[in-house]
Amino acid sequence: MSSTVKTDTGRNDSAATGRDTAARTGRPVRAVRTAGGLSLRLDVRTLVVSVLLAAVALFASVLLIGTGDFPMGPGDVLATLTGSGTTAQEFIVNDLRLPRVLVGLLVGAAFGVAGAVFQAVSRNPLGSPDVLGFSQGSTVGALLVIVFFQGGTFAIAAGSVAGGIVTGLAIFLLAWKGGIHGYRFVLVGIGAAAMLYAIVLYLMTKANIVEATQAVTWMTGTLSGRDWDQVWPLAIVCVLLIPLSLLYGRPLRMLEMGDDAAYALGVPVTRVRVVLLAAAVLLVAAATAAAGPIAFLALTAPQLARRLTRSPGPNLLPAGLMGAALLVTADWLSQQIFGADQLPVGVLTGLLGGGYLLWLLASERKAGRI
């Protein structure tokens, strides 16, 4: 959702900007004015898409809570969530299933926003944590804990976060040359991803059968067994970093026009890039620690959101809502088709995301961009 805030003296300019945007793109744009003299320019289509995506995510969440060995209808789920369920229903919903759904929503939102930031900064639709090495860095950190320290859930999560942060710092330093620029950032990230994947394979050869089974399950990406211990740390990270990323949405949109244009418009290019990339790396690390490296979610969510909104720019809020809706829906589908916990959700997102990647590459090639 794009927004432009102006003082009272800029009321006519804001209205004119909205009319010009609507005339140029054929999209309805509304300028909302407050009693204090501020005006907010709203893209109506983006707002509608965001509301619909939030509704889809919530509806899929209710269905997911009701799915399992003890099935519950949506009415029973809602009644239990509002405190009107039986003792058994409250235990099943509040202690067993609600944490899993909340982790799914938070992980999807974190990957969606982070993917939109990476794609906007790199100005490349393939720029995502999966491609640029950040997910692989978190995976290496988790595997080090599993293979050499036989760590538990908390230690694995800590190792994943540490691996993601170290990888992010290394890529930033290697890509830095008077700032971080999209083309060099992508090349360094792809090289780092290849090296880190090789390390993952080496660590798997050092693991015994029990450690290898645990590592493969974690690497696949799953919401099975998630509890409140995963919810609260991830929720804190998302509450802090997603609003911060949204605040930088407008300068990030200007960065997509190129550094020279952004500088001319008064955007502190280097600071915006560093802040947003740091926030995106932390979001990816925290999400990966909670559910594993969910394949292709950060790649597909921003692109699908952009196609629905038909709006230029990073579309951070729709991308986050799309990521949340995709992940909980995929988890519900995997349980409906294969049974509860028979197929990790990362397998399904990998299959669907891989097909989308092939379509995206074919479209980019047809358009002459690759």
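The values are calculated or read from the model by the stated rules, or taken from the named source; none is laboratory data. The model shown is predicted, which means the values in this text are computed figures rather than measured ones. Neighbour counts are summed over all protein chains in view; Cβ atoms, including those assigned to glycine, are modelled from backbone coordinates with ideal geometry. Note: areas computed on protein heavy atoms with side chains; ligands, DNA, RNA excluded. Shrake-Rupley method; radii C 1.70, N 1.55, O 1.52, S 1.80 Å.
Among residues of the range 85-125 being of a type in the set (S, T, N, Q) and assigned to a helix (DSSP H, G or I), the one that is farthest from the chain's Cα centre (by Cα) is Thr87. Scanning the range 223-273 for residues that are part of a helix (DSSP H, G or I), open to solvent by less than 20 Å² (accessible area, probe 1.4 Å) and among the β-branched types (Val, Ile, Thr), we see that the one that is modelled with the highest pLDDT is Val231. If only residues of the range 283-309 that are hydroxyl-bearing (Ser, Thr, Tyr) and within 12 Å of the chain's Cα centre (by Cα) are counted, the one that is most open to solvent (accessible area, probe 1.4 Å) is Thr300. Of all residues in the range 201-211, exactly one satisfies the criterion of being in contact (Cβ under 8 Å) with a residue 24 or more places away in the chain and either more than 16 Å from Phe149 (Cα to Cα) or among the acidic types (Asp, Glu) (or both), namely Glu211. What are the pairs, 6+ residues apart or on separate chains, where a residue within the range 212-227 that is free of Cβ contacts under 8 Å to residues at least 12 places away in the same chain has its Cβ under 7 Å from a residue that is of a type in the set (A, V, I, L, M)? Close Cβ pairs (under 7 Å, with a partner that is of a type in the set (A, V, I, L, M)) amount to Ala212/Met204. If I filter the range 168-176 for residues that are closer than 25 Å to Leu234 by Cα and out of contact with any Phe, Trp or Tyr (no Cβ under 9 Å at 6 or more places or on another chain), do I get at least one hit? So far as the range 168-176 goes, yes, one or more of its residues are closer than 25 Å to Leu234 by Cα and out of contact with any Phe, Trp or Tyr (no Cβ under 9 Å at 6 or more places or on another chain). When you scan the range 132-147, how many residues do you find that are of a type outside the set (Val, Ile, Thr) and either in a loop (DSSP other than H, G, I, E, B) or free of Cβ contacts under 8 Å to residues at least 40 places away in the same chain (or both)? Going through the range 132-147 one residue at a time, the tally reaches 2.
Scanning the range 158-182 for residues that are in contact (Cβ under 8 Å) with a residue 40 or more places away in the chain and closer than 20 Å to Leu255 by Cα, we see that the one that is surrounded by the fewest Cβ atoms within 10 Å (Cβ to Cβ) is Gly179. Taking the criterion of being open to solvent by 70 Å² or more (accessible area, probe 1.4 Å) and part of a helix (DSSP H, G or I), the residues of the range 197-216 that qualify are Tyr197, Ile199, Leu201, Tyr202, Thr205, Lys206, Ile209, Val210, Thr213, Gln214, Val216. For the range 73-84, how many residues are small (Gly, Ala, Ser) and outside any helix (DSSP H, G or I)? Number of matching residues: 3. Here Ser334 passes the criteria (1) in contact with a helix residue (DSSP H, G or I) (Cβ under 7 Å, 6 or more places away or on another chain); (2) in contact (Cβ under 8 Å) with a residue 40 or more places away in the chain; (3) over 27 Å from Val48 (Cα atoms); (4) assigned to a helix (DSSP H, G or I) except the one numbered (2). The residues on offer are Arg97, Arg123, and the sole one that is among the charged types (D, E, K, R), open to solvent by 10 Å² or more (accessible area, probe 1.4 Å) and in contact (Cβ under 8 Å) with a residue 40 or more places away in the chain is Arg123.
Of the residues screened, Ala194 is not one that is under 20 Å from the mean Cα position of the chain (by Cα), part of a helix (DSSP H, G or I), surrounded by fewer than 19 Cβ atoms within 10 Å (Cβ to Cβ) and of a type in the set (A, V, I, L, M). Does Asp76 satisfy the criteria of being open to solvent by 30 Å² or more (accessible area, probe 1.4 Å) and among the charged types (D, E, K, R)? When the stated conditions are applied, Asp76 passes them.
Checking each residue in the range 50-73 for being open to solvent by 50 Å² or more (accessible area, probe 1.4 Å), without any contact (Cβ under 8 Å) to a residue 60 or more places away in the chain and within 29 Å of the chain's Cα centre (by Cα) picks out Val51, Leu52, Ala55, Leu58, Phe59.
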